[in-house]
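Structure record follows, encoded as structure tokens.
The values are calculated or read from the model by the stated rules, or taken from the named source; none is laboratory data. The model shown is predicted, which means the values in this text are computed figures rather than measured ones. Here the Cβ positions follow ideal geometry from the backbone for every residue, glycine too, while neighbour counts run over all protein chains shown.
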Ligand code: ADP
């Protein structure tokens, strides 16, 4: 290239010297040089115009303009660049087509939006599952088309670790699981999965457990009633029957507790709607629960302290919160040896509100912690034979917190006590309306 450039420079200078010499021959070297320069300028302008026209519409003709010398090289090189660019473009287009074809073949709906939710592209399944229309919905904001408030909150939250489940806006019988991923310049890739079948199975399971528990409750109440009468009159019974009756009474009251918890759990799992309508006075609620906890502690004489750091109200269902908090506090009583300490504290900070229940009890091996909220999971079954627990307490806590957009944190070590913390989002705190002074 360098070599060609100096050659071309030599040609130009040679041409100008030649025209000057011809001018000199006629006695006017300056005219000769001027003529040479004008001819060169004209040639350059003609070539520049050809280049300009070609660049304005390079696809009109496959061939680049032909020329000689410096301009010939420029045209050839530009033509090569253009061809490479076209080939890359073709390859990319083929790749995009392939990705779009494969995404179109997916059963899941796939949607791409920009950071504000303007829809850029979506596949055929998204049209079927969510009712989008190719011609009219391009560029529309997705939350105008999926109007469920939970979706807008989820989209804006930027926290997409857990998927969101909603009903399809176009076909309410379809239940969708939405998962969003961030990519590129804060753009969103939204995948909508049809989980109707799973949802129905889950619903059937809940209904089944709820119904069976309900059906079992009545006969069990009758059995427990008779057993209680027998226990009350145990003195009249032969000694060999006394032990049997006492054991039966203890087991039937355990079964009653189990059924009460199962019914509560299935109610909590389905009763999300009441959560946003009521306000709970956590201060009062904790005072009542700790009063009951002291009674439960009885001879074990635990030192139970309550600390309230914020007197605002908590937006949430009081009976659900009562179940959750009392499960944690009663567990602390159950799993803490006599004279242990249990501290309950309600505090708030920038992240939200937190209820901590800390005990100096037997503690839990950290390997069990991730599974503790599963139904009937017990850290060490041999240790809990006499606690009378149902194994559903922490499952209830987890579901109550899910209903309240919160989560449960468990910190514990064997022999070093445990701390259970319920985290609630800040938005759930509501100022108390000052009561009017009595006149
Ligand atoms: P349970 O009715 O058995 O108490 P939960 O669901 O309330 O069932 O608790 C699950 C398990 O977690 C318990 O069996 C126990 O092993 C463990 N656990 C819960 N709370 C505590 C605590 N405060 N200290 C030690 N272990 C606990």
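A few notes on this one:
- Output for segment 253-296, where each listed residue is modelled with pLDDT under 90 and closer than 19 Å to residue 353 by Cα: 275, 276, 277, 278
- Where a residue in segment 87-110 is free of Cβ contacts under 8 Å to residues at least 40 places away in the same chain and its partner, wherever it lies, is in a helix (DSSP H, G or I) and surrounded by 10 or more Cβ atoms within 10 Å (Cβ to Cβ), with Cβ under 7 Å and at least six apart: 104/124; 106/125
- When restricted to residues that are part of a helix (DSSP H, G or I) and surrounded by fewer than 10 Cβ atoms within 10 Å (Cβ to Cβ), segment 54-80 contains 1.
- Total residues in segment 378-393, condition at pLDDT below 80, near the ligand (Cβ under 6 Å from one of its atoms) and not in a loop (DSSP other than H, G, I, E, B): 1
- For segment 225-238, the count of residues that are within 20 Å of residue 119 (Cβ to Cβ), touching a helix residue (DSSP H, G or I) at 6+ places or on another chain (Cβ under 8 Å) and not in a helix (DSSP H, G or I) is zero.
Residue by residue, here is whether (1) touching a residue at least 40 places away in the same chain (Cβ under 8 Å); (2) more than 12 Å from the ligand (Cβ to nearest atom); (3) touching a strand residue (DSSP E or B) at 6+ places or on another chain (Cβ under 7 Å) holds:
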| residue | (1), (2), (3) |
| --- | --- |
| 350 | yes, yes, no |
| 365 | yes, no, no |
| 402 | no, yes, no |
| 408 | no, no, yes |
| 411 | no, no, yes |
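- Screening residue 298 against (1) free of Cβ contacts under 8 Å to residues at least 40 places away in the same chain; (2) surrounded by 13 or more Cβ atoms within 10 Å (Cβ to Cβ); (3) under 23 Å from residue 260 (Cβ atoms) leaves a single unmet condition, (2).
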